[in-house]
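Data block below; observations after.
The values are calculated or read from the model by the stated rules, or taken from the named source; none is laboratory data. None of these values were measured; they are calculated from a predicted model. Methodologically, a virtual Cβ is constructed for each residue, glycine included, from the backbone with ideal geometry; neighbour enumeration extends over all protein chains shown. Each accessible area value is taken on the protein alone, full model and side chains, heavy atoms only, with ligands, DNA and RNA left out. Shrake-Rupley method; radii C 1.70, N 1.55, O 1.52, S 1.80 Å.
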Amino acid sequence: MSTPSLSDLPIRRLTRGDVSACADLSEDRGWPREEHKWSLLLSAGTGYGIDDPDGGLVSACVVTSYGPGERPELGAIGMVLVAGRHARQGVGRRLMSYVVEQAGTTPLTLHATPYGQPLYEELGFKVTGRAEMVRGRFTPGGSVPGIATRPATAEDLSAILRLDAEVFGSDRTHVLTRLPAFSDQLRVAEEDGRLIGYAALWPNMDTHVVGPLIARDTETAKALVTSLAAGTDRPLRTDIDVRHDELLAWLKERGLEGVAFNAVMNHGAPDLPGDWTRRFAPLTVAAG
């Protein structure tokens, strides 16, 4: 039997049963396996993949939709990967074209590496911003932000969801309700009994990732990061909107270093909804 060409291989929906195959694909491209993150994305979002007749996946990506289920207001694309043995053969373009077609009129957003940006531009995505990934061991010091933070409780969930919808610009209840199980820490910042920010710390290989990071202002963001860092001995990693230059400078003073920049790109919308001034870091760049 002849081996089918890549263009003939069907695109199918991925499920949580595909976590290991997706992690293998990550590893194939030199990324960490990130099975914990893949599990979240494939349960909260919609995965698309192409099976390799020889085993494993040729390609994969995940779309996390926000807003009403029947009429999403935004789709975040992430984890776009093509196996090394099938690279530069049009597979990524085919999968991304399919995802854009499936989205219809729903605006799309993604964080693009310099390697992937040209393809996304050809598909109609436009650069609307940048994020910087920083990583390192957090060193306490300097003036301590005088803002109260504490571990979140089940009673905080409704207030977290209200604040997040206001700042993010769309409902992401189906993702945030998974945070208590997904993260190792979930903390809130308060003032006069009112929630003014929240942040999660979740495990990813040998680091802890800070995200989401939603805060009234930079001082509140600093207080949340400081409180999360106090509860881990792992290096921290996070992706900060570069417009938050004061927070980025502070993180670097506290021991984190810039690792990479990603372009924030949109399709079908000039900018992201919500209030960027209070949106400091995404849950993960793969899900917005």
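Annotation note: Cβ proximity below 9 Å between a residue of the stretch 126-153 that is under 23 Å from Val242 (Cα atoms) and in a loop (DSSP other than H, G, I, E, B) and a residue that is of a type in the set (Phe, Trp, Tyr) and modelled with pLDDT of 95 or more (sequence gap 6+ or interchain) occurs for Gly142/Trp250. The selection criterion, being within 21 Å of the chain's Cα centre (by Cα), open to solvent by less than 10 Å² (accessible area, probe 1.4 Å) and among the β-branched types (Val, Ile, Thr), holds for Ile77. For the stretch 146-170, which positions are touching a Ser or Thr at 6+ places or on another chain (Cβ under 7 Å) and either crowded, with 20+ Cβ neighbours inside 10 Å or closer than 20 Å to Val209 by Cβ (or both)? Hits for the stretch 146-170 are Ile147, Thr149. Gly231 meets the conditions (1) of a type outside the set (Ser, Thr, Tyr); (2) open to solvent by 40 Å² or more (accessible area, probe 1.4 Å); (3) closer than 30 Å to Ser97 by Cβ in every case but one. The failed one is (3).
Selection of the stretch 12-63 for residues being out of contact with any Lys or Arg (no Cβ under 7 Å at 6 or more places or on another chain), in contact (Cβ under 8 Å) with a residue 60 or more places away in the chain and either surrounded by fewer than 19 Cβ atoms within 10 Å (Cβ to Cβ) or more than 25 Å from Gly90 (Cβ to Cβ) (or both) yields Pro32, Arg33, Glu34, His36, Lys37. For Arg85, are the conditions met, namely being part of a helix (DSSP H, G or I), modelled with pLDDT under 95 and basic (Lys, Arg)? Judged against the criteria, Arg85 is a match. Residues that are among the hydroxyl-bearing types (Ser, Thr, Tyr) and not in a strand (DSSP E or B) were ranked within the stretch 176-211; the one that is most open to solvent (accessible area, probe 1.4 Å) is Thr177.
Only one of the listed residues (Ser183, Ser170) is in contact (Cβ under 8 Å) with a residue 12 or more places away in the chain and touching an Asp or Glu at 6+ places or on another chain (Cβ under 8 Å). That residue is Ser170. Criterion applied to Thr173, Thr139, Thr113, Thr109 was being in contact with a Gly (Cβ under 7 Å, 6 or more places away or on another chain), exposed (fewer than 15 other Cβ atoms within 10 Å of the Cβ) and not acidic (Asp, Glu), and the one residue passing it is Thr139.
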